[in-house]
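The values are calculated or read from the model by the stated rules, or taken from the named source; none is laboratory data. The model shown is predicted, which means the values in this text are computed figures rather than measured ones. Positions of Cβ are generated from backbone atoms using ideal geometry, with glycine treated the same way; all protein chains shown enter the neighbour counts.
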Amino acid sequence: MTHITKECGTHAGHQRHTNRGEIPCQLCADANKEYHKARNTDAKELKRLKAEDRLIAQMYVMERLAIARKREREKYATQVQESA
Ligand SMILES: [Zn+2]
């Protein structure tokens, strides 16, 4: 028998049903679905953020490389001028 409590319609309510070995009521089943949907969205968002972080890190490295190459070129150009 499924007991409807004041927690019904929440993820906690759903857990309460399952902990008691009950079949969750519709309110709790819906809440549980929403909860997992939200969690999935969070996980995706986190993954996307991590991908962005990686991209920024790569851009930063590339920028530093570009600066280093530019300095190398400038150094080389100065050396060529000096030896000429
Ligand atoms: Zn319930």
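Matching residues to (1) surrounded by 10 or more Cβ atoms within 10 Å (Cβ to Cβ); (2) not small (Gly, Ala, Ser):
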{"position": "30", "(1), (2)": "yes, yes"}
{"position": "36", "(1), (2)": "yes, yes"}
{"position": "41", "(1), (2)": "yes, yes"}
{"position": "45", "(1), (2)": "yes, yes"}
{"position": "50", "(1), (2)": "yes, yes"}
{"position": "80", "(1), (2)": "no, yes"}
{"position": "83", "(1), (2)": "no, no"}
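Residues considered: 9, 13, 21. Of these, the only one that is modelled with pLDDT of 90 or more and more than 33 Å from the chain's Cα centre (by Cα) is 21. Just for the stretch 27-54: of the residues that are among the small types (Gly, Ala, Ser) and free of Cβ contacts under 8 Å to residues at least 12 places away in the same chain, which one is nearest to residue 5 (Cα to Cα)? Restricting to residues being among the small types (Gly, Ala, Ser) and free of Cβ contacts under 8 Å to residues at least 12 places away in the same chain, the top hit is 38.
The residues of the stretch 15-65 that are among the basic types (Lys, Arg) and away from the ligand (no atom under 16 Å from the Cβ), listed by number, are 37, 39, 44, 47, 48, 50, 54, 64.
Within the stretch 19-35, which residues are in a loop (DSSP other than H, G, I, E, B) and among the polar types (S, T, N, Q)? Across the stretch 19-35, there are no qualifying residues. Residues in the stretch 1-14 that are surrounded by 13 or more Cβ atoms within 10 Å (Cβ to Cβ) and more than 10 Å from the ligand (Cβ to nearest atom): 1 in all.
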